[in-house]
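These notes are about the structure you will find just below.
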Amino acid sequence: MTDSNAAAKAFQLQAGFCENLGSPFTAHVLTVLAADIEARGVVANLVAGFEEEPVAAALALRVAGALHRKALDEPNGPLGQLYATAGGAGPDDAALQAILIKDISENRPHYDTYLESPPQTNEVGRSGVMIGGYLSIAEQTGLPLHVFEVGASAGLNLGCDRFYYRFGDKTWGKADSPVSLAPDWHGGPPPVHADLQILERGGCDIAPVDVGEHENQRRLESYIWPDQPERLARLRGAVSIAKELGTQVIHESADVFVERALQGSAPLAVRTIAHTIMWQYMPEAMRGRIESTIRRAGDEATDANPIAWLRLEPIDVKDPPSLRLNLWPGGETQELAIAHPHGASVKWL
Ligand SMILES: C[S@@+](CC[C@H](N)C(=O)[O-])C[C@H]1O[C@@H](n2cnc3c(N)ncnc32)[C@H](O)[C@@H]1O
């Protein structure tokens, strides 16, 4: 059972994160919900039966996702109307609270069901950082890539070579792509002249999202914050590309997947293990096993059969994510960039 005080604190904490990550609307919604929990209202009742620890289980994001899902499914309903204008001036707190609380009271089964699953996301904006790493691998090796992404979620970032990018005054990719990324860029451009070719791609996840199913796509959409419509647009664009490419994300743990991906050899291609914002979710022993597998394969690498390890991860959970690359033979760590967690801004080093 969730204690109301702990739940209210979890909602306030998440509201602060949303404010800092550029979603004042979600911050506002969560603050209103926290007030209702403190007043022992409908939301307190909704979360009372929740068994897991509210912060660790991202309870506030589950409720925020359930509300957004309702708005997406019923664009002409009261929530749909409210969320469609999320980027503009919202109603005052009392009006917002009335709409949210009424919807939760009247549609309790929807909210109860939604709260059962943890939020699942796939942030396409992270390709705006990763692509610089893939270009660096292509530039340094002169070879095409086989990309193996672990913790790939729906695998949307595996289609990164089909997106269009602007890095300051330089561009790369297909100008007519349905996904266009223009992070706030600091520092020089990545090597846009490199001939990047991804010959093979595949991913794994312990909770893969098959976006071939409309329900799964909608669920991914619901966890995007409503006042960030550009993220929603690129998610939809990336889904269309993933379907076109037939991107496969298998249900497998990263350690098993990496072991298999690095067995044998792939002549004249760079086998690249890639990941974004997933390392912290694995137990330490598993992280150690994966790193040993990669380094062992790295020791066997040759110029004609190199190995790369490219990741966008915070070095410490409190730090902003950094883009790091190891490329074997050699294998020293290259610090390429520091980025916003969703890829909204990039400092290329
Ligand atoms: C925050 S999400 C990031 C998803 C995606 N990489 C992105 O950047 O949008 C973390 C992902 O790691 C996955 N994950 C956690 N532990 C894993 C493991 N042991 N093996 C594979 N995937 C894992 C989760 O299921 C989830 O999809």
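The values are calculated or read from the model by the stated rules, or taken from the named source; none is laboratory data. The model shown is predicted, which means the values in this text are computed figures rather than measured ones. Heads up, the Cβs are rebuilt from the backbone with ideal geometry, glycines too, and the neighbour counts pull from every protein chain shown. Surface areas here come from the heavy atoms of the whole protein model, side chains and all, with no ligands, DNA or RNA. Shrake-Rupley method; radii C 1.70, N 1.55, O 1.52, S 1.80 Å.
Worth a mention:
- Computed over the chain, Kirkwood Rh from alpha-carbon pairs, angstrom: 21.3 Å
- When you restrict to C-alpha pairs under 8 Å that are six or more residues apart and normalise by the size of the chain, the relative contact order lands at 17 percent.
- In region 290-349, the GluC sites (Glu not before Pro) that fall in loop regions by DSSP, at most 12 other Cβ within 10 Å: GLU332
- Label-to-label distance, GLU19 versus VAL317, with points set 7 angstrom from Cα along the beta-carbon direction: 2.2 nm.
- Helix 127-141 and the long axis of the chain differ in direction by around 10°, with both axes built from C-alpha atoms.
- GluC sites (Glu not before Pro) restricted to region 148-237 and DSSP loop, no more than 11 other C-beta within 10 Å: GLU213
- Surface composition of the chain: carbon plus sulfur atoms contribute 52% of the solvent-accessible area (1.4 Å probe, protein chains only, all chains present).
- Cβ charges +1 (Lys, Arg) and -1 (Asp, Glu), total dipole of the chain, debye: 460 debye
- Each peptide in 244-253, 154-163, 114-123 gets a packing score, the mean of other Cβ atoms within 10 Å over its residues, and the list from highest to lowest is 154-163, 114-123, 244-253.
- In region 1-117, Cα pairs under 8 Å separated by at least six residues give a relative contact order of 28 percent.
- Placing pseudo-labels 7 Å out from each Cα toward the beta carbon at GLU215 and SER265 gives an inter-label distance of 4.7 nm.
- Part-to-part distance (alpha-carbon centres) for region 141-211 and region 285-299, which is given in Å: 24 Å
- Across ILE315, ILE99, the residue with the most accessible area heads the list, and the full order at a 1.4 Å probe is ILE315, ILE99.
- What the chain shows is 44 Å² of accessible area per residue, with the surface traced by a 1.4 Å probe over protein heavy atoms.
- Where both bridge residues fall in the chain, DSSP classifies roughly 45% of the beta bridges as antiparallel.
- Near VAL47, once Lys and Arg are set to +1 and Asp and Glu to -1 for all other residues with Cβ below 13 Å from its Cβ, the sum equals -4.
- Separation between Cα centres of region 91-126 and region 44-80, rounded to whole Å: 3 Å
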